[in-house]
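Beneath this line is the structure, given in structure tokens, with notes to follow.
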Amino acid sequence: MEDSVAKTFKIAMIGDASTVAGFAAGGVEGFAQDPDDPVQTLAVLNDLVRSGQYAIVFITEQLAEPLFESIERIETGAVPAIIIVPDQSGTRGIGYERIRHAVERAIGIDLLGAS
């Protein structure tokens, strides 16, 4: 009889130092990035996705905004989910729009309505 061992995944947060510290308090692995270095931020995101260790990768809107097209092209399977979240400077609406479009694609109706 084969023992089935459930794979455990981590949760990551890519953001500014303050946001990363807040998530770390909840057990999320943090990756503080400089908002003026989108190339390095994208490299970190790609490394996290490729590692296969993370179920969820949060990234702040501030860091995701200049990388939006690149993030859209990242191939993921069931995991990780790349979730764009607001940071301490407030929301830019990017995360909400991604969820709205995903729901619309899934069910064929703009259930959440345009913001």
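The values are calculated or read from the model by the stated rules, or taken from the named source; none is laboratory data. From a predicted model like this one, the values you see are computed outputs, not experimental measurements. Backbone-built Cβ (ideal geometry, glycine too); neighbour counts: all protein chains shown.
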If we take the stretch 49-115, then helices (runs of 4 or more DSSP H) inside it with 2 or more residues that are at pLDDT 85 or above are 61-64, 68-73
Counting only residues that are of a type outside the set (Ser, Thr, Tyr) and in contact with a strand residue (DSSP E or B) (Cβ under 9 Å, 6 or more places away or on another chain), the stretch 48-77 contains a total of 17
Output for Cβ contacts, cut-off 7 Å, separation at least six or different chains, first residue within 18 Å of Gln88 (Cα to Cα) in the stretch 51-77, second part of a strand (DSSP E or B) and among the charged types (D, E, K, R), reads Thr60/Asp87; Glu61/Asp87; Gln62/Asp87
All conditions in (1) closer than 21 Å to Gly77 by Cβ; (2) out of contact with any helix residue (DSSP H, G or I) (no Cβ under 6 Å at 6 or more places or on another chain); (3) part of a helix (DSSP H, G or I) are true of Leu42 except (2)
